[in-house]
Structure formats: structure tokens, C-alpha cells
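Beneath this line is the structure, given in C-alpha cells, with notes to follow.
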Amino acid sequence: MNQIRYAMVIDTVRCVGCNACVLACKAENRVPPGGFRNWIVTETRGTFPHLSQQIRSERCNHCTDAPCVSNCPTGASHTRKGGLVAVDPAKCTGCKACIAACPYGARYVHPEGHVDKCTFCHHRLERGQDPACGEVCPTGAITFGDLGDPDSPVSQLLRRRKHHVVKPELGLDPHVYYLT
């Protein structure tokens, strides 16, 4: 039996940038004003009139080799079951070393003084539910699952469709994939 390795696949052809995922995350995780756990990026490439545009829902990439974890001096940033990168607020001093180390800009300081970020809604996973962002996506652009299971929806999508990760040159083995 393979070890669980959670991943998220986002279909950039289906994503319309509606922000439903952002709002669902804020509500589900009680993200304070000014805080964020995910966001929408619109990237335009090319030269007029030959332009292309990609819309992506971005968040913590839950990297296998997460620099935020290795740079945290207190052990507050750590890796949980399934490869989820998390922050223990009780151990976090708010020093921001993890924020400086994250190449994806995926962390913020919560008003209570600790760092916060996307957790793939680990509390929902423990109840057998998908992350809130994927549950509410009106176009079905967000798929979540286990890369260790070759029959999981994420594994199937990655086998069938062309995809990429953000900043692959860093070699961090991120687990948020974008279908093109």
C-alpha cells in the first residue's frame, strides 16, 4: 500500500477567476480581513495580437522539500500526514522566517501573532471531505486527492493532461498542479 500524498490539480481551462474558492476558504477557515490562504492569478503571455491568458487559483504548494519547514527555528512549520505543510500556532513566534523562505508568497501573519496559510482544509480531510475551495468551485476546476493512489482523480488527470507546477526550477516538489 502506498503512503498518502495529497495533491491539488487546478484546471486552468475551466477556471474563470470567479473567486468562489477564495471566499469559501475565508469562510471555512475564518481568515481575518487582510489575510489570505489562496488567491487568483491572471497571467497574460505573448505579444498583441497573439496573446494567451491563464487564470489560476494559487495557494501553498505543500512542497515535499518545503523551505518554510526547514527555515522555521521553532518547529512551528512542519509536515503532517499526507505531506500537508502546516503551522502550529502555539509554537509560532511570528518571526516570519517561513514567510521569507516561501517562494510562493503563500503565508501571512494572523492578527493573533502567528503565521497562517492554506492547509488543504486538513480539518475537513479528517472528516472525509474535500477542501472547501474544491467543493464550491462552480466550474469544477479544482480537484483534490491522493497522488499515491493511481486510480485517484488527481492521478488520472495528471496522466491524461498536460500540466505544470509554479516555479519548477526550484526543485521543491510542489503538490499543486495546473492543467493546461
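Let's see how each residue does on (1) surrounded by 20 or more Cβ atoms within 10 Å (Cβ to Cβ); (2) at pLDDT below 95:
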{"site": "Cys72", "(1), (2)": "yes, no"}
{"site": "Pro89", "(1), (2)": "no, no"}
{"site": "Thr93", "(1), (2)": "no, no"}
{"site": "Ala100", "(1), (2)": "no, no"}
{"site": "Arg107", "(1), (2)": "yes, no"}
{"site": "Glu126", "(1), (2)": "no, yes"}
{"site": "Ala132", "(1), (2)": "yes, no"}
If you take just the strands (runs of 3 or more DSSP E) that sit entirely in the range 1-68, which of them hold at least 1 residues that are modelled with pLDDT under 95, basic (Lys, Arg) and farther than 15 Å from Asp116 by Cα? 38-47, 50-59
Looking at (1) part of a loop (DSSP other than H, G, I, E, B); (2) closer than 20 Å to Gly105 by Cα; (3) not basic (Lys, Arg), can you tell me which one Thr139 breaks? (2)
Reported set for the range 157-168 where residues are in contact with a Ser or Thr (Cβ under 9 Å, 6 or more places away or on another chain) and not charged (D, E, K, R) is Leu157, His163, His164
Please verify whether Ala141 is touching a residue at least 24 places away in the same chain (Cβ under 8 Å) and farther than 16 Å from Ala7 by Cα, treating the condition exactly as stated. no
Take the range 106-136 and flag every residue that is within 11 Å of the chain's Cα centre (by Cα) and part of a loop (DSSP other than H, G, I, E, B). Ala106, Cys118, Thr119, Phe120, Cys121, Pro131
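The values are calculated or read from the model by the stated rules, or taken from the named source; none is laboratory data. Remember, it's a predicted structure, so these values are computed and weren't measured experimentally. Ideal geometry is used to build each Cβ from the backbone, glycine not excepted, and the neighbour counts take in all protein chains shown.
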